[in-house]
1. Just checking, how many residues over segment 21-57 are among the acidic types (Asp, Glu) and part of a helix (DSSP H, G or I)?
2. Within segment 53-72, identify whether any single residue is modelled with pLDDT of 95 or more and hydrophobic (A, V, I, L, M, F, W, C), and answer yes or no.
3. Can you find a residue that is free of Cβ contacts under 8 Å to residues at least 60 places away in the same chain, exposed (fewer than 13 other Cβ atoms within 10 Å of the Cβ) and within 15 Å of LYS111 (Cα to Cα) anywhere in segment 18-30?
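The values are calculated or read from the model by the stated rules, or taken from the named source; none is laboratory data. Every value quoted in this text rests on a predicted model; they were computed, and no experiment measured them. With ideal geometry, Cβ positions are generated from the backbone for all residues, glycine too; neighbour counts draw on all protein chains shown.
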Amino acid sequence: MTKERMNAIRIIDELIAYFFAQQITDINIDLDYGLSQTEISVQGPCKEEPADLDQLEDVLNSERQEELEEYYSSLLGENRNYHELNLLGALVDGADITFDNQQLSITVYRKRS
């Protein structure tokens, strides 16, 4: 399996873990593994807006750190804590996050190198 596909799997895994941490268990996942970028969308019903949503948006929209990708990617899944979301932010190029009508939606983008 290619490194890009493994990164997509790790990104999905971390997003699912975030949703589970918010007690969201009815989750929809869309994956567009395109030629120029990977787009992953995760949605689910959520009674209240997560308190850390603004911080999460900042982390996922921080600058991608290609020089550390392999190292960060290997660390994902080691421990389940917020630090992992910081690692995830270093692997994606951007994100759109919305909370509307008790529906949480997170879409992340990763351009191909």
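1. Within segment 21-57, the subset among the acidic types (Asp, Glu) is 26, 30, 32, 39, 48-49, 52, 54, 57.
Restricting the remaining residues to those that are part of a helix (DSSP H, G or I) gives 54, 57.
Final tally of qualifying residues: 2.
2. Just the residues of segment 53-72 that are modelled with pLDDT of 95 or more, to begin with: none.
The answer is no, given that none of the residues of segment 53-72 is modelled with pLDDT of 95 or more and hydrophobic (A, V, I, L, M, F, W, C).
3. no
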